[in-house]
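The values are calculated or read from the model by the stated rules, or taken from the named source; none is laboratory data. Keep in mind it's a predicted model, so treat the numbers as computed, not measured. In this analysis, Cβ positions are derived from the backbone assuming ideal geometry, glycine residues included, and neighbour counts consider all displayed protein chains. Side chains are part of the model used for accessible areas, which takes the heavy atoms of the whole protein and leaves out ligands, DNA and RNA. Shrake-Rupley method; radii C 1.70, N 1.55, O 1.52, S 1.80 Å.
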Amino acid sequence: MNEGLVNWHLAVNAFGIGIFSALSLILGAVTARFWIPEDRTVAALMAFGGGALLAALTIDLVAPSLGSGHFPQLSLGMFLGGAMFMLLNEAVNDYGGFLRKVSTTVYHLRAEKHSEYKRILVDVGRIDLFQVLSEREYKALASYIRTRRCPAGATVYRRGDPGEALYILSSGAVQLLDPADGMKPFQQVRPGEAFGRMAFLTGAPTATVAAATKDCEIWVLPRDLFLNLLANAPRLLQAVHKALRGEEVTEYLRVRQGFGREAAEDWVDHAARTLVRTGDIPEAVEIDHNRDGFLACHQEIRRCELFRNLPDDELDLLASQLIYKTHREGRPFFYKGDFADRMYIVDQGEVRLIDPQQTLGVPTVLGDGDAFGTFSFLTGSRHTASALPSRDTRVWVLRKSDLEDLLEKCPILAERVRDTIGDSEVAEYLQRRHGFDPDKVARWMRRATRNIESGQGIPVASALAGIMERHAGAALAIWLGIMLDGIPESLVIGAIMVHSNVSFSLIAGLFISNFPEALSSSVGMKQQGFSQARILLMWGSLVLMTGLGAALGSLFFAEAGHAAYTVIEGIAAGAMLTMIAQTMLPEAYLKGGAVVGLSTLAGFITALFFKTLETGY
């Protein structure tokens with residue numbers, strides 16, 4: 001009976017110490033609402049706590065077992081604890097738990113990128129043209145490939161777009177449509193197949209339309225980078241030379257590009273000779289940009305302030321990216337509900353915007369110098385109106401991919417786009433026309449601004465609603481991931497209290513390391529859309545579970561024999577050490593860089609100092 005009372009007294013003490021060590025989680029979450037410190041400050045605190053924990057674990061948990069001659073049991077337990085933590089951590093991360101920390105997010109994305117790279121190599125190997133490549137050349141080619149994701153209903157390219165890339169379907173479904181035959185489908189592209197080949201080889205504008213019929217992942221090989229590879233890949237150059245000389249290229253130029261038979265054969269002969277001589281392939285048909293016309297009228301563009309008073313060098317870059325097209329009367333630019341992947345500027349002609357929400361259904365008539373589709377284009381949402389030319393109309397077209405290239409090279413234009421995205425008109429557009437709530441709009445605006453500042457593409461607003469759904473259990477997984485980080489902590493407290501008092505250095509290390517972890521993770525959770533109440537509830541439940549885990553651990557360890565206790569003690573130490581090495585210190589280094597080394601050392605020395613005060617040495 002007395003032994004039972006002793007055990008319960010021990011459990012109560014362990015519960016209290018566990019609660020105290022984890023209280024800084026709530027403190028960190030509350031602090032994140034009012035103050036977001038610099039990353040180096042968070043990193044220094046986290047590394048200091050990690051160093052203190054390393055010292056405390058070594059002295060209070062590992063050293064006593066080594067002194068008792070139980071190294072085999074201890075090492076077995078440590079390997080088991082480390083392996084268990086790694087396996088559980090991977091499982092939690094796969095369901096969205098990686099979002100709890102910057103370091104785990106970066107690692108997860110890198111792992112996805114590596115997996116994607118391996119899939120690219122497999123898909124490229126299926127293409128006839130590339131089967132002659134060596135392994136080194138395959139890898140070089142794969143490094144040039146970019147990933148593009150298209151939702152069902154989006155267009156991959158349209159008639160008249162530059163033949164600037166080869167497309168390889170990785171997953172989903174794409175249908176090729178023939179504009180010359182009333183947009184009749186003529187080919188269904190299956191995963192592993194390439195499309196846009198003839199425009200890619202000849203550099204001519206695309207003559208067909210590629211539309212995603214299912215959500216797609218597509219590998220995109222830019223033509224200019226591919227041509228750079230030819231100089232160092234003689235077998236690939238020979239394969240391309242053979243493809244150019246084939247009858248398929250001549251027929252493509254004749255049927256799709258309107259060449260006469262003799263003109264097509266002359267171009268093929270010229271291209272083949274140029275390829276052998278210089279490693280380059282000239283464009284069979286040049287894209288019309290009407291650069292001079294745009295430069296002459298850009299100041300008068302209405303309904304869009306993005307391009308006014310840009311520096312000359314940025315205007316030149318912009319004008320060279322615009323595509324000049326003629327839309328025949330009655331052929332729509334887009335319908336309501338289509339994905340917006342381009343915006344338009346009318347040069348000559350007339351366009352009617354038909355908006356079902358407009359009073360009396362009267363269309364808006366646009367003429368020379370009017371821009372349209374701007375807000376849906378910038379936000380990446382679906383069009384809320386239909387646009388049809390009332391007569392043959394000439395327009396400049398800016399594609400989303402071209403805008404993203406321009407944002408990297410044109411700082412003033414990037415600033416204009418950033419300001420436009422943050423404007424109240426865009427917020428009202430997303431709320432009124434797409435039904436976004438204000439919180440969702442604010443999150444998209446913050447994310448879009450960060451992406452522009454860091455040189456990334458503008459996020460698609462229409463996909464924002466599904467961000468968390470892509471990791472269906474993300475909220476639960478984040479909570480499980482943070483709980484997983486805390487399990488070793490509670491086990492260590494419970495294990496140590498069975499045979500001795502928990503040292504002040506260990507409690508201090510736990511308390512200090514928990515604060516920046518909660519501070520950093522809470523900021524990330526807010527960016528994922530978590531409310532403050534939800535964040536506090538998550539951390540509060542983890543504080544309680546840390547206390548319960550320590551109490552249950554002390555009860556469980558008290559009943560174990562000495563050898564079994566050493567194994568269990570090793571499991572706790574191994575899980576804790578693995579957690580420090582796998583999540584805590586990488587997170588600190590990612591945020592603070594060189595400051596982490598000295599901060600970890602300072603934490604280690606501080607723990608040793610407090611240990612000397614406890615022992616009197």
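Note on the stretch 583-609: residues that are assigned to a helix (DSSP H, G or I) and open to solvent by 60 Å² or more (accessible area, probe 1.4 Å) amount to 8. Every test in (1) surrounded by 21 or more Cβ atoms within 10 Å (Cβ to Cβ); (2) farther than 20 Å from V255 by Cβ; (3) out of contact with any Ser or Thr (no Cβ under 9 Å at 6 or more places or on another chain) is passed by V174 save one, and that test is (3). Would you say V189 is over 19 Å from G160 (Cβ atoms), out of contact with any strand residue (DSSP E or B) (no Cβ under 8 Å at 6 or more places or on another chain) and buried (at least 18 other Cβ atoms within 10 Å of the Cβ)? For V189, the condition - over 19 Å from G160 (Cβ atoms), out of contact with any strand residue (DSSP E or B) (no Cβ under 8 Å at 6 or more places or on another chain) and buried (at least 18 other Cβ atoms within 10 Å of the Cβ) - is not met. Among the residues making up the stretch 193-216, a single one is over 24 Å from P332 (Cα atoms), open to solvent by less than 10 Å² (accessible area, probe 1.4 Å) and in a loop (DSSP other than H, G, I, E, B): G203.
Take the stretch 149-163 and flag every residue that is buried (at least 16 other Cβ atoms within 10 Å of the Cβ) and either basic (K, R) or free of Cβ contacts under 8 Å to residues at least 12 places away in the same chain (or both). Give the steps one after another, and end with the answer.
Initially, the stretch 149-163 is screened for residues buried (at least 16 other Cβ atoms within 10 Å of the Cβ), giving 150-151, 154-163.
Of everything in the stretch 149-163, those that are buried (at least 16 other Cβ atoms within 10 Å of the Cβ) and either basic (K, R) or free of Cβ contacts under 8 Å to residues at least 12 places away in the same chain (or both) turn out to be R158, R159.
Would you confirm, using the coordinates I've provided, whether S386 is on the phi < 0 side of the Ramachandran plot, touching a His at 6+ places or on another chain (Cβ under 9 Å) and either in contact (Cβ under 8 Å) with a residue 24 or more places away in the chain or of a type in the set (D, E) (or both)? Criteria not met by S386. With respect to the conditions (1) within 23 Å of R149 (Cα to Cα); (2) open to solvent by 40 Å² or more (accessible area, probe 1.4 Å); (3) over 20 Å from the mean Cα position of the chain (by Cα), R399 lacks only one, and its number is (2).
Residue-by-condition table, conditions (1) at pLDDT below 80; (2) open to solvent by 10 Å² or more (accessible area, probe 1.4 Å); (3) part of a helix (DSSP H, G or I):
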residue	(1), (2), (3)
V502	yes, yes, no
E517	yes, yes, yes
V523	yes, yes, yes
K526	yes, yes, yes
F530	yes, yes, no
A551	no, yes, yes
